[in-house]
1. When the helices in the chain are scored as -39500 (n - 2.57) per DSSP H run of 4 or longer and the sum is shared across all residues, what 222 nm value do you end up with, to the nearest 500 deg cm²/dmol?
2. Which Cα, out of ALA221, ASN186, VAL120, lies furthest along the positive dipole direction of the chain (beta carbon charges, K/R +1, D/E -1)?
3. What ranking of ARG199, ARG190 emerges when the number of other C-beta atoms within 10 Å of each C-beta is taken as an exposure proxy, fewest first?
4. Within a Cβ distance under 9 Å of PRO385, other residues only, what is the Lys/Arg minus Asp/Glu net charge?
5. In debye, nearest 20, what is the charge dipole magnitude of the chain about its Cα centre with +1 on Lys and Arg Cβ and -1 on Asp and Glu Cβ, if you could check?
6. How long is the gain from GLU123 to ALA86 if the chain were fully straight, where each residue apart is worth 0.36 nm and the alpha carbon distance is subtracted?
7. For ASP219 and ASP104, what is the calculated FRET efficiency with R₀ set at 56 Å and r taken between the beta-carbons, to the nearest 0.05?
8. Using label points projected 7 Å from each Cα along Cα→Cβ, tell me how many nm separate ALA41 and LEU233, to one decimal.
Amino acid sequence: MLRSLDLPRRSRRPVLGRLAAASLLALSLSLPGAGPVSAVACDVASQTWQVAAEPDAALTEAFASYGNDHDGWSGGDSTYSVTLGAGRRIWAFSDTLIGPVNDDGTQPLDTEFVNSSFVVEAEGRMARTVTGGTPAERTGLLAPTENGWYWQGASHLTDDGRSLDVVFLHFERFGPGQWDWAWSANVLGRFDAGSLRLREVVPLPSETGVNWGSWIARDGAHTLVYGVEDLGLVKYMRIARVTGDDLSQPWEYWTGDGWSSAEADSVRVMPGVANEYSVTAFEDGFLLVTHDTNELFSARIVGYVSCAPTGPFLPIGTLYTTPETGLFGSYGNPNVFTYNAHEHPDLRTADGLLVTYNVNSFVPDDLYADVTIYRPRFVRVDLQPVP
């Protein structure tokens, strides 16, 4: 089972108010390439916020039980989710381990591995694992290419409820080394929302090197697509949109003060986001949740607020510190790291926001020696304005 006893207890602490946040924002936006700042005018950006956070034991245990008790999904990362209706939800994973778990919490080193999968939740229980390929020769949801593979980005259900549209990022190898691979293109995978069968793969804008699909959100008459310009040690948010809900239609790109049909006109909105993050409607504004990539291998999940989905985003501080990270973390392993936190807005409750993050190790054998490492973590985060 997951080491929930090692996780921190619920605590409430103040986070930054508007004045302190604005000062930090000015500092962060002084970095080269950051987009312009516009005036803010909403309550969410003028409040001082306090935060309480604690692990969601029920969801943690649900995935632990599902991963341990059958020969399907036993671990993975990304952990996006989409509610499909009729009591169904999919949890979308990128790299995925598939196979039985030994009684001692280990897996064989030859455990089956694919680059993407869905876990289907039905009526509150994890019911089945969906991949591509055949039962005898499984692949990711999109089959690998000759020299590459696809990882999932965010996804959404189309307005008519018929299509689950998923952004995938294609990566290719350019050498024999462990890290000799790089992003090459964005595509859209369209799945039948009922059967979850892949219907088609559609090319998406890929001219500027932006990894689109970090997050997808409806905003009035448009669907916003958030991405990351990944420069390694520095990562920048970028934003695009389409009219309606069809991501195969022409895209427009945020220029800092408007929208352009040219991808090259897209601007860097802010640094410090992860490859996966979320921007969701919150109070009378918007909430950005991300791992803090201003720090190398950070354990901090941080929040920002804004009056518009395009920013500027004012930092409100640390929402949660992941307890697994590094030598002094709950695994006592310097190779363990955490990454890619984001919110699940359709799973907000009276107990607050639901935030997930991923755990991994720089030594792949660790994931087979202890299956609890490579599983999603679930945290309830309660944000309240200070009176």
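1. -2000 deg cm²/dmol
2. Positive-end residue among those listed: ALA221.
3. In order of increasing Cβ crowding within 10 Å: ARG199, ARG190.
4. Around PRO385, the surrounding residues sum to -2.
5. 780 debye
6. 12.5 nm
7. Working from the Cβ atoms, E equals 0.70.
8. 4.1 nm
Readers should treat all values here as calculations from the given coordinates under stated rules, not as data from a laboratory. It should be emphasised that the depicted structure is a prediction, and the values quoted were computed from it without experimental measurement. Backbone-built Cβ (ideal geometry, glycine too); neighbour counts: all protein chains shown.
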